[in-house]
Amino acid sequence: MPFYGGDELATVYDKALDEGFGLVASNVAEPNVMMGLIEGADQADSDLLIQMSGGAASFAGNGDPEAGLRAMGTYIEEIADQYDIGVFLNMDHQTDMDFIDMQVESGIPSSIMIDASHEDFEENVARSKKVVEKTEQADEEILVEAELGQIKGVEDEIVAEEAFYTDPEQAVEFVERTGADLLAISVGTQHGVAKGKDLDLKPDLATEIHEALSDHGLDTPLVLHGSSGLQPDQLSDFMNRGICKVNKDTRYQYEYSRTLFDLYREEPNDIVPPEGVEDERDAFFNDVEWSPNKDRFDPRVGGRNVRERIAEVYAGLAEVSGSAGQSLYKSATHR
Ligand code: 13P
Ligand code: ZN
């Protein structure tokens, strides 16, 4: 069963913390990106953490996030079964307590992120602690990620105009009071197309937070959101500072559209009639001297390209974050 729960995910984070690498937590909203990621992780010999936001779950479920979680959960499990790396599912940036209840009861996610970082400190503590308590009632282990500080940019339904860097001493109090298993910190990354040169990154602050937690006997893995905007050298500079989970979404969104765009622009007239020919789409070109080309417009052609490109991109990212060659579960099944 390569689709694992929180217990197994905790062992991957233990190893990541010891050896200074990070899992690239990769957002999906549909199956092609998901399949590309699993293939890429297998090629890189890395365990894989897939994640879904509320909006992505809703999209996958035709407007019903619970249906989306069940559908994608089953889909991930079926595909993960074809591989022997460990595959995990995190619910990203969750804010809706009723949906979180459903997630806990479903037993599908390996971990859940409660995002109350936009609230004041006390409310953030209260909500995050509540989610920890909910997961304690679950039959199986589910890890909880909570966030302190604010990351600028747009991620799904979460919009922040301004960044607030995480304070190390407050981080200690936050983890002690909430009991969160992972802590998402704000150290200058941004959600979205944030190009590396425009960021005010503070890698040393990640180290300070990590050390402050360690000084209080807490070996909490840290989470870096908004990593699409980081250049490879900027990302690797964040490794070995307690960061064990690196979130990536925007990059895959771009690769998805760019891959399809490249395919269709190679021979645009495989898809749309040339200039001067009537675009008689409703009659499926019955009366025009031109036909669309099924060798290009079959969705499987574009879908395969997307899977291949995402696999390539993921494998490259796993090298940069250091998780390549570190799969705990691949080596476990080969033992
Ligand atoms: P990017 O979209 O900037 O990669 O951020 C992803 C993220 O933080 C998901 O939680
Ligand atoms: Zn995020």
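The values are calculated or read from the model by the stated rules, or taken from the named source; none is laboratory data. Please read all numbers here as calculations on a predicted model, not as lab measurements. Cβ atoms come from the backbone with ideal geometry, glycine included; neighbour counts cover every protein chain shown. Protein only, heavy atoms only, side chains kept; ligands, DNA and RNA dropped before computing areas. Shrake-Rupley method; radii C 1.70, N 1.55, O 1.52, S 1.80 Å.
For the range 62-76, which residues satisfy the criterion of being without any contact (Cβ under 8 Å) to a residue 12 or more places away in the chain and among the small types (Gly, Ala, Ser)? Hits for the range 62-76 are Gly63, Ala67, Ala71.
Determine whether Ala10 is over 16 Å from the mean Cα position of the chain (by Cα), at negative phi, away from ligand 1 (no atom under 16 Å from the Cβ) and open to solvent by less than 10 Å² (accessible area, probe 1.4 Å). No; evaluated as a whole, the condition is false for this residue.
Exactly one residue among Lys152, Lys134 is more than 23 Å from Val24 (Cα to Cα), open to solvent by 40 Å² or more (accessible area, probe 1.4 Å) and touching an Asp or Glu at 6+ places or on another chain (Cβ under 9 Å), and that residue is Lys134. Test Ile185 against the stated conditions and say whether it is β-branched (Val, Ile, Thr) and within 16 Å of ligand 1 (Cβ to nearest atom). Judged against the criteria, Ile185 is a match. Does Gly63 qualify as being within 16 Å of ligand 1 (Cβ to nearest atom) and at positive phi? Here the answer is no, as Gly63 does not meet what is asked.
From the list Ser291, Ser257, exactly one residue is within 22 Å of Asp156 (Cα to Cα) and either within 16 Å of ligand 2 (Cβ to nearest atom) or free of Cβ contacts under 8 Å to residues at least 60 places away in the same chain (or both). Which is it?
After ruling out the rest, the residue left standing is Ser257.
Regarding the range 179-187, can at least one residue be identified that is touching a helix residue (DSSP H, G or I) at 6+ places or on another chain (Cβ under 8 Å), more than 29 Å from Gly107 (Cα to Cα) and either within 16 Å of ligand 2 (Cβ to nearest atom) or not hydroxyl-bearing (Ser, Thr, Tyr) (or both)? Yes, the range 179-187 contains at least one residue that is touching a helix residue (DSSP H, G or I) at 6+ places or on another chain (Cβ under 8 Å), more than 29 Å from Gly107 (Cα to Cα) and either within 16 Å of ligand 2 (Cβ to nearest atom) or not hydroxyl-bearing (Ser, Thr, Tyr) (or both).
Quick check on my filter: what residues within the range 163-198 are part of a loop (DSSP other than H, G, I, E, B), surrounded by 18 or more Cβ atoms within 10 Å (Cβ to Cβ) and modelled with pLDDT of 95 or more? Hits for the range 163-198 are Thr166, Asp167, Ala180, Asp181, Ser186, Val187, Gly188, Thr189.
Could you check the range 206-235 and list, in sequence order, the residues that are surrounded by fewer than 20 Cβ atoms within 10 Å (Cβ to Cβ) and aliphatic (A, V, I, L, M)? Hits for the range 206-235 are Ala212, Leu218. So, of the residues in the range 137-149 that are under 19 Å from Pro221 (Cβ atoms) and open to solvent by less than 40 Å² (accessible area, probe 1.4 Å), which turns out to be nearest to the chain's Cα centre (by Cα)? Only one residue tops the list, namely Glu145. Please work out if Asp101 is away from ligand 1 (no atom under 16 Å from the Cβ), more than 24 Å from Ile151 (Cβ to Cβ) and free of Cβ contacts under 8 Å to residues at least 40 places away in the same chain. Yes.
Among the residues making up the range 199-237, those that are over 17 Å from Ala146 (Cα atoms), away from ligand 1 (no atom under 15 Å from the Cβ) and assigned to a loop (DSSP other than H, G, I, E, B) are Asp200, Lys202, His216, Gly217. Residues that are open to solvent by 40 Å² or more (accessible area, probe 1.4 Å), within 16 Å of ligand 2 (Cβ to nearest atom) and not charged (D, E, K, R): does the range 268-282 have at least one? The answer is no, given that none of the residues of the range 268-282 is open to solvent by 40 Å² or more (accessible area, probe 1.4 Å), within 16 Å of ligand 2 (Cβ to nearest atom) and not charged (D, E, K, R).
Restricted to helices (runs of 4 or more DSSP H) entirely inside the range 283-335, those with at least 1 residues that are more than 24 Å from Gly22 (Cβ to Cβ) and either out of contact with any helix residue (DSSP H, G or I) (no Cβ under 8 Å at 6 or more places or on another chain) or open to solvent by 80 Å² or more (accessible area, probe 1.4 Å) (or both) are 294-297, 299-321.
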